[in-house]
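Report on the structure given below.
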Amino acid sequence: MADILQIQRPATGAAADLAITEATIRATELRQFDIDGEPLATYDPGFMNTAVCHSSITYIDGEAGVLEYRGYPIDELAEHSTYLEVAYLLLNGELPNPTQLAEWESLITTHRMIPDKLKTVLAGFPYDAHPMTILMASTAAFFSFYPDARNFTDPEARALNIARLIAKMPTLAAFAYRKGKAKPYINPDDNYGYCHNFLAMLFKQAERRYSADPRLIRAMEVLFILHADHEQNCSTNAVRSVASSGNDLYTCASAGIGALHGPLHGGANEAVLKMLREIGTVDRVPEFIEGVKSGRTRMMGFGHRVYKNYDPRAKIIKRSVEDVFEVTGVNPLLEVAKELEKYGLEDEYFVKRRLYPNVDFYSGLIYEALGFPPEMFTVLFAVPRTSGWCAQYQEFITDPDNKIARPKQIYTGHRTRGYVPMEERG
Ligand code: CMC
């Protein structure tokens, strides 16, 4: 028997059977109900209960705290994979075999340089420009260098521009960082892998070869894997929405970077460190918690729209914190973070609302230990999320159901009024 939802409006006797498929009803079917001359619609600010696409990239069970990329559990990928392997998986649906991985790595290595003229764009920013602003503007500027990105329905052109963007993002991020420090840019080094090369472009000084502790390179790989995709979050939604009007990959990724920058999304990692610094010591945690409970402030790095359980990424990052601190020495703010978490997991305010640490709660501590200033933290989210945005962009472009994003509104303003001349406006 077909699964249906019977709905009726007793006031008029109108009734309809709506088909239930994939645990959803089609919102447009509600239009058959005429409500005083208006077709019935749903009101759903923030898409709290609205599916906007079919996707086979990332699976989340927020109740159980499960995250999988293409069916592979995140903890297994974090333990065994490299970031580029995961990027390949997100884009192609399968883990690469050795030949495919070697070809993919070589393609990315080939495209790491950014156009020389883009450096003059970078030079135009004020010395204290936020690196996320530089990243957002320069990513959009890529389209003027690679106009073939407009041919996004051509699989070859699309794949080339996806490889370009994933390859160039660390270079752009490192240049944005070094510009703020007034340090000369370090070009990509073909001898290094993706994360090692990124660290070298960021931190290399006068030494001939940049060598990083392998534990730190691995920590970076793990952080990149954990941040690679997260289904229909705010920035991915921005990418898909901007793609829906027929835009190239660079314009869409730039929109994603803008959305990610907000403190309720990727900007939370920067906000967490600011919060930890303001609290400063463990004895000041109870006072801070009182401020959260009275609504004066939020506990940044806590709570999630989808996870009503411990964010699986936060669990893995918490373990990485210990590994990184073995190399760099312990950051005293770790104790403040652990005390906050203790309150968060026991206090009724957080328990009742099912607020748990999210991916941003501990990541800032690692970034700081690696030597990054807080304004770089969200950049370190944007670089690996690029592969997720590319996979979601590709899925959107090839989805026969795709439509230009155009939500409805409930109009609450005035209706047709007579124009009031200036001299009569009081
Ligand atoms: N601290 C204190 N109270 C909170 C917090 C928090 N971090 N998060 C939610 N609440 C309360 C909120 O005040 C509300 O309480 P009440 O029911 O009494 O009004 C209730 O919990 C539900 O919150 P909401 O804002 O309606 O939930 P949402 O799903 O719209 O927002 C969120 C999700 C992530 C924006 C929110 O939890 C938040 O602002 N967290 C802090 C910022 C943060 O860490 N963001 C990173 C998210 S993970 C990285 C990513 O993927 O972007």
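The values are calculated or read from the model by the stated rules, or taken from the named source; none is laboratory data. Here the structure is a predicted model, which means the values were calculated and not measured. Cβ: placed from backbone, ideal geometry, glycine included. Neighbour counts: every protein chain shown. For accessibility, only protein heavy atoms count, side chains too; no ligands or nucleic acids. Shrake-Rupley method; radii C 1.70, N 1.55, O 1.52, S 1.80 Å.
Remarks
- Each residue, Glu63 and Gln205, gets one label point 7 Å from its Cα in the Cβ direction; the gap between the two is 5.5 nm.
- Global size of the chain: 23.9, 81 Å for Rg and Dmax (C-alpha atoms, Rg to one decimal, Dmax whole).
- Extension gain, Arg406-Glu335: 0.36 nm per intervening residue step, less the Cα-Cα distance, totals 20.9 nm.
- For Val66, the residues whose modelled amide H falls within less than 5 Å of its own, excluding neighbours fewer than 5 places apart on the same chain, are Asp61.
- The stretch 212-267, relative contact order in percent, only Cα pairs under 8 angstrom and at least six apart counted: 29
- Based on Cα contacts under 8 Å between residues 6+ apart, the chain shows a relative contact order of 19 percent.
- Trypsin sites (Lys or Arg not before Pro) restricted to DSSP loop in the stretch 205-271 with at most 10 other C-beta within 10 Å: Arg208, Arg209
- Rounded Å value of the spacing that divides the Cα centres of the stretch 155-218 and the stretch 106-142: 12
- Rounded to the nearest whole Hz, the Karplus-based 3J(HN,Hα) values (6.51 cos²θ - 1.76 cosθ + 1.60, θ = phi - 60°) of the stretch 22-31 follow the sequence 6, 6, 9, 10, 7, 4, 5, 5, 5, 4, with x at glycine and proline.
- Convex hull volume per residue for the stretch 4-47, taking Cα atoms only, in Å³: 84
- A 1.4 Å probe over all protein chains sorts His54, His230 by accessible area into His54, His230, starting with the largest.
- Comparing mean-square fluctuations of Gly124, Gly193, Gly301 from a GNM of the chain with C-alpha springs under 10 Å, the top value falls on Gly124.
- Taking the square roots of 5 times each eigenvalue of the Cα gyration tensor of the stretch 267-426, largest first, gives ellipsoid semi-axes of 39, 25, 17 Å.
- Rounded accessible area per residue of the chain, 1.4 Å, Å²: 51
- All Cα pairs of the stretch 340-426, percent lying beyond 20 Å: 71
- Bridging of Lys308 to aspartates and glutamates at a Cα separation below 13 Å is possible for Asp61, Glu63, once same-chain residues fewer than 8 apart are set aside.
- Accessible-area value, Asp283, 1.4 Å probe, nucleic acids and ligands omitted, Å²: 120
- The chain, helix-only ellipticity at 222 nm - DSSP H runs n ≥ 4, -39,500 (n - 2.57), divided by all residues, nearest 500: -15500 deg cm²/dmol
- Seen against the Cα atoms of the chain and their longest principal axis, helix 98-110 is set at about 80 degrees.
- Computed over the stretch 358-405, Cα set: Rg, Dmax in Å: 15.7, 46
- Whole-number D in µm² s⁻¹ for the stretch 1-101, Kirkwood Cα-pair radius fed into Stokes-Einstein, 20 °C, 1.002 mPa s: 123
- Distance distribution note for the stretch 265-357: the fraction of Cα pairs above 16 angstrom is 56%.
- The three principal axes of the C-alpha atoms in the stretch 45-185 carry coordinate ranges of 46, 44, 34 Å, sorted with the longest axis first.
- Evaluated over the stretch 151-198, the Cα radius of gyration and Dmax, each in Å: 13.6, 41
- Distance (nanometres) between label positions extended 7 Å along Cα→Cβ at Phe325 and Phe47: 3.7
- Phe325 contributes an accessible area of around 10 Å² to the protein surface, as traced by a 1.4 Å probe with all chains present.
- Among Thr133, Thr153, Thr236: highest mean-square fluctuation, GNM of the chain, C-alpha pairs under 10 Å: Thr153
- Principal axis box of the stretch 111-204, alpha-carbon based, largest edge first, Å: 40, 31, 19
- Sequence-distant contacts, meaning Cα pairs under 8 Å at least 6 residues apart, place the relative contact order of the stretch 315-371 at 54 percent.
- Surface composition of the chain: carbon plus sulfur atoms hold 53% of the accessible area, using a 1.4 angstrom probe and ignoring ligands, DNA and RNA.
- Sorted largest first by accessible area at a 1.4 angstrom probe radius, with every protein chain in place, the residues Met275, Met113, Met300 fall in the order Met113, Met300, Met275.
- For Asp190, the accessible area of its heavy atoms, probed at 1.4 Å with every protein chain present, is near 110 square angstrom.
- Computed from the Cβ-Cβ distance with R0 of 30 Å, the FRET efficiency linking Lys274 to Asp190 stands at 0.20.
- The residues neighbouring His54, those whose beta-carbon lies less than 9 Å from its own, together hold a net charge of -4 under the Lys/Arg +1, Asp/Glu -1 convention.
- Descending principal axes extents, the stretch 62-104, alpha-carbon based, whole Å: 38, 19, 12
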